[in-house]
Structures are given as structure tokens and as C-alpha cells.
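Accompanying notes for the structure given below.
Every number in this text was worked out from the coordinates using simple rules, so none of it is lab data. Keep in mind it's a predicted model, so treat the numbers as computed, not measured. Heads up, the Cβs are rebuilt from the backbone with ideal geometry, glycines too, and the neighbour counts pull from every protein chain shown.
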Amino acid sequence: MKRLLLILLGVTMLAACGTSESDDRGEQFTYTRYELPLEDKVALGETGDHEIVFVFDYSCPWCKKWMESVLPEIESRWIETGEATFKGQPLVLLNEQSQLLASVDANAEQVMPERYYALQRHIGLDAETVSDFGTEAYVHRLAETFGVDAEALLAPQVDAGIQNARLYTRDLGVEYVPTVYVDGIKLLDAFSLEEMERVMSGEIEAGDQVEMPKE
């Protein structure tokens, strides 16, 4: 499994910047339902009996791949059809750029909620392609693109992204990014549309176990 060394508040964490592969430990994976603290978060899609939550780090290359390949499929299959809503929650796990962009994300949700997910995706797809990604100069260009006040996007946050990282890694099952939950159930494979479908159909339920595949 692809792995990166994540540094969070001076504490070293070994975490996967997820691929569709799994650990080679051969252990059982238990589908667990979590009460995610996202009741007040802006959602993509206005209706839907199901909720898909994407937990990521803006600096994670596999999170970018997820936005490129998986999110469009989720939109066409379940959001545009009214079957599900989507929420994306950035964490601060990898570097200072992640911290700045998580703060920008939180501000954007407040100042431009109707275009929040357009901005979130724009940032996510810029990763590894823009030389000043995650800098204040980048945020100023971003603000100009979206026609919002750069200072509003750069307004200081009380380390919300770091606090979320602590919460999600300590209490909500995040061991690597991207991590995906469907109806609160954490998936084994964040890239698997089939697994998402099986949770939504009830074929997979909380408490079910599967053998984790070996590499």
C-alpha cells in the first residue's frame, strides 16, 4: 500500500494516502458506523436518502485522484439522480499547505456556500500542478477566480483542520486518506463504487466483516 509519513503537531503518524489496495496483514475488516459531526455542513445535492462523506487532505495525491475519477461517478450515479448527497471534509495531516487550505475551505463554506464544492474541487485538482499551491499567493488567485474577497478566505481559523484531524483519527476510524463513509459506515476501499452501492442497498451493514485482501 502506498504510504506517506504524516506529521501532525510534532507527532509522527504513519498513514496511507489511500489507494484501492489494502494492508497485507490478512486481518478481518469490520464495517463500523460512525456518528459524523457533519449535520451543519453544506451538502452537494439537495435530496437523497443516502449520504456519502469524503475525508481527505488537500496535499494527498490519492485524494486528488479520487476527486478526478470517483467524484464524477458519484455525481452522475447518485447525486444528480437525487439518491444521495455528498459532503467533503478536509483534514490537516500532511503539511503546512494542508493547514492553510483547510482554513480556506472552512471560510469558503461560510462566505460562498452555493459555490463551496466548486471551490473545493478546484483546489483539489490544482494539487501537484500549481507551483505555489497552498500559499497565500495561490489563495489570492483563487479568490479572484471565484470573485470573492481573498482576506475572507484567509481569515484566521482556530486550528479547525487540526482539531478535525485529531477527532477523525482518534474517534472516527480514519487511518489514512482518502477515507469514505456511506451513511456513516466506513468503507474498506474508498475507490470502490460497488462497495458504496452495496452499503446503500443494505447488502453491507454495520458489523459485517470481510477478509482484508493481501497485496
*Which residue, V53, V182, V111, tops the fluctuation ranking in a GNM of the chain built on C-alpha contacts under 10 Å?*
V111
*So how tilted is helix 116-126 from the main axis of the chain? Cα-based, degrees 0 to 90, rounded to 10.*
90
*What spacing in nm lies between the two simple spin-label points modelled at D149 and S69, each 7 Å away from Cα in the Cβ direction?*
4.1
*Can you check how the C-alpha radius of gyration of the stretch 21-81 compares to 2.2 N^0.38 Å, as a plain ratio?*
1.37
*asked:* Whole-Hz ³J(HN,Hα) for each residue in the stretch 159-165, computed from phi via Karplus 6.51 cos²θ - 1.76 cosθ + 1.60 with θ = phi - 60°, x for glycine and proline: what do you get?
replied: 6, 4, x, 5, 4, 5, 4
*Counting Lys +1, Arg +1, Asp -1, Glu -1, what net charge surrounds V180 among other residues with beta carbon under 10 Å of its beta carbon?*
-1
*By how many nm would the segment from T47 to L188 lengthen if fully extended, with 0.36 nm per residue of separation less the alpha-carbon distance?*
48.2 nm
*Gaussian network model of the chain, Cα springs within a sub-10 Å range: biggest mean-square fluctuation belongs to which of P61, P113, P37?*
P37
*Select from D183, D126, D40 the residue whose mean-square fluctuation is largest in a Gaussian network model of the chain (Cα-Cα springs shorter than 10 Å).*
D40
*Name the residues whose placed amide hydrogens come within less than 5 Å of the amide hydrogen of I185, ignoring near sequence neighbours (fewer than 5 apart) on the same chain.*
Y34
*asked:* Which three extents, in angstrom, do the Cα atoms of the chain have along their principal axes, listed largest first?
replied: 48, 41, 29
_Give me the base-10 log of I(q)/I(0) for the stretch 103-215 at each q in 0.15, 0.18, 0.24 Å⁻¹, Debye formula, one uniform scatterer per Cα, rounded to two decimals._
-0.85, -1.03, -1.31
